[in-house]
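The values are calculated or read from the model by the stated rules, or taken from the named source; none is laboratory data. Quantities reported herein were computed from a predicted structural model and do not represent experimental measurements. Backbone-built Cβ (ideal geometry, glycine too); neighbour counts: all protein chains shown. When the accessible area is computed, the model is the full protein with side chains, heavy atoms only, and any ligands, DNA or RNA have been set aside. Shrake-Rupley method; radii C 1.70, N 1.55, O 1.52, S 1.80 Å.
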Amino acid sequence: SAVISQKPSRDICQRGTSLTIQCQVDSQVTMMFWYRQQPGQSLTLIATANQGSEATYESGFVIDKFPISRPNLTFSTLTVSNMSPEDSSIYLCSVDRRGWTRGYTFGSGTRLTVV
Amino acid sequence: TQLLEQSPQFLSIQEGENLTVYCNSSSVFSSLQWYRQEPGEGPVLLVTVVTGGEVKKLKRLTFQFGDARKDSSLHITAAQPGDTGLYLCAGNPTNTGNQFYFGTGTSLTVIP
């Protein structure tokens with residue numbers, strides 16, 4: 001299955017600033033997904049990123065707050081903009097490398113704390 | 001409102017006991033997956049079920065997809081401390097893209 005490198009693994013940021021999270025996959029993938037997770041809780045899909053087109057955002061998430069880049073088939077970034085303490089969470093990227101029957105592979109996540 | 005509701009939310013049992021986790025929805029899914037997640041890591045896929053009524057076994061874990069493809073269950077036999085983790089179901093609703101939406105999660109602790 002795909003290997004995903006996600007960084008940073010954790011960060012503590014000041015409110016009002018922005019953080020960009022990077023996700024690197026060891027092979028080309030069509031779709032990449034960004035999720036948010038409160039510790040010990042479930043995952044909420046933020047957006048789906050396809051190479052060469054704008055990301056598709058889920059209800060409650062907007063591009064101005066969570067801009068996503070997808071410059072090629074192995075890389076994506078998620079930026080958390082103008083952060084507030086409510087943005088403190090774990091952010092995960094994932095890929096569906098071999099079709100949906102094979103499931104998702106996840107990065108190890110970025111634990112963000114906004115102070 | 002979460003698309004997939006899991007029960008129980010928390011479960012603490014003794015080593016050797018059996019348990020069942022449920023994943024329910026009013027929506028129909030093309031497929032449903034189960035994941036286990038340990039602290040500091042991303043979720044790891046356990047199984048995918050695609051056919052209504054399907055039963056899959058993975059060692060001591062038994063997964064079942066409901067006949068109507070709206071629900072699923074995970075049964076663990078003779079639980080071990082290594083089974084401790086957050087169990088998540090995830091469904092791909094019919095007539096949508098490849099997105100999977102995750103259930104509310106079940107945190108399992110197996111006490112030695």
**Item:** Set of lysines with alpha-carbon distance to B:Lys70 below 19 Å, sequence-local pairs under 8 removed
**Value:** B:Lys56
**Prompt:** With every protein chain left in place, what is the accessible area of B:Glu38 in Å² (1.4 Å probe, nearest 10)?
**Reply:** 90 Å²
**Request:** Could you pull out every Cys in the protein assembly as shown that lacks a partner Cys with its beta carbon under 4.7 Å away?
**Result:** A:Cys13
**Asked** Which value in nm describes the separation of the simple spin-label points at B:Val44 and A:Ser9, placed 7 Å from the Cα toward the beta carbon?
**Response** 1.6 nm
**Asked** Average partner chain C-beta neighbours within 10 Å, per residue of A:7-15?
**Response** 0
**Request:** Quick one: pull the percentage of alpha-carbon pairs in chain A with a separation above 17 Å.
**Result:** 51 percent
**In Å², nearest 10: area of A:Leu19 left accessible to a 1.4 Å probe** = 20 Å²
**Complete:** Counting only protein heavy atoms and leaving out ligands, DNA and RNA, the solvent-accessible surface of B:Val44 at a 1.4 Å probe, in Å² to the nearest 10, equals 90 Å²
**Message:** Above 31 Å lies some portion of the pair distances; for the protein assembly as shown, what is it as a whole percent of all C-alpha pairs?
**Reply:** 21 percent
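By DSSP, what percent of the beta bridges with both residues in the protein assembly as shown are antiparallel, rounded to the nearest 5?
Antiparallel bridges: around 90 percent, rounded to the nearest 5.
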**Message:** Tell me which of A:Asn82, A:Gly107, B:Trp34 sits at the most positive position along the dipole axis of the protein assembly as shown, charges placed on C-beta atoms (Lys, Arg +1; Asp, Glu -1).
**Reply:** A:Gly107
**Request:** State, as an integer percentage, the relative contact order of chain B based on alpha-carbon contacts under 8 Å between residues 6 or more apart.
**Result:** 37 percent
**Asked** Top mean-square fluctuation among B:Pro39, B:Pro81, B:Pro93, Gaussian network model of chain B, C-alpha springs under 10 Å?
**Response** B:Pro39
**Message:** Counting only Cα atoms, I'd like the Rg/Rh figure for chain B, Kirkwood definition for Rh.
**Reply:** 0.96
**Relative contact order (%) - chain A, alpha-carbon pairs under 8 angstrom, separation at least six** = 37 percent
